[in-house]
Structure formats: C-alpha cells, structure tokens
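A.B. asks: Please find one structure pasted underneath; my questions will follow.
Throughout, read-outs are computed from the coordinates displayed, never taken from laboratory work. All figures in this text were calculated on a predicted structure; none of them were measured in a lab. Here Cβ is always computed from backbone atoms with ideal geometry, including for glycine, and neighbour counts include all displayed protein chains.
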C-alpha cells in the first residue's frame, strides 16, 4: 500500500476509535477536503481491504477492517 497525504489524513480519523463507522461526507467536512477526493480515497482504501463499509440506503459508512494484515 502506497500511503499519500489524503489516505493518511483519513486513516487518522479512524484511529481515535477503531470500531467507529464514519460517513464519507462527514470526513469531507471535518477535513475540509473535496468530497470527490474523499470518496475516491475511501474507495481505494476499501479496495486495498484496509476499510470496509456498510450501506444504509444511499449512504456508505466506512470502518476499519479489523482483520487487515
């Protein structure tokens, strides 16, 4: 996994509570990052199996994959 600034900022958000589920738009607002950038980064982290997500309606809530090597 190649770590860039966006991935690092987003992963830090999950570090305070490993069981926390976070909606992508909330990350975008808190970090003052473009929503599309956050969405793309979250999707990459999910593809790399670092994050998982649950979907409630149209909303995806991301959380850390506890079984990531």
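A.B. asks: Which of the residues belonging to the range 39-69 are in contact with a helix residue (DSSP H, G or I) (Cβ under 6 Å, 6 or more places away or on another chain), within 19 Å of residue 19 (Cβ to Cβ) and not in a strand (DSSP E or B)?
C.D. replies: The one that is in contact with a helix residue (DSSP H, G or I) (Cβ under 6 Å, 6 or more places away or on another chain), within 19 Å of residue 19 (Cβ to Cβ) and not in a strand (DSSP E or B): 42.
A.B. asks: Let me ask you something else. Scanning for something in a helix (DSSP H, G or I), surrounded by 13 or more Cβ atoms within 10 Å (Cβ to Cβ), within 13 Å of the chain's Cα centre (by Cα) and touching a residue at least 40 places away in the same chain (Cβ under 8 Å), does the range 14-32 turn up at least one residue?
C.D. replies: yes
A.B. asks: Taking the criterion of being over 17 Å from residue 66 (Cα atoms) and touching a strand residue (DSSP E or B) at 6+ places or on another chain (Cβ under 7 Å), would at least one residue in the range 26-38 satisfy it?
C.D. replies: No, that holds for no residue.
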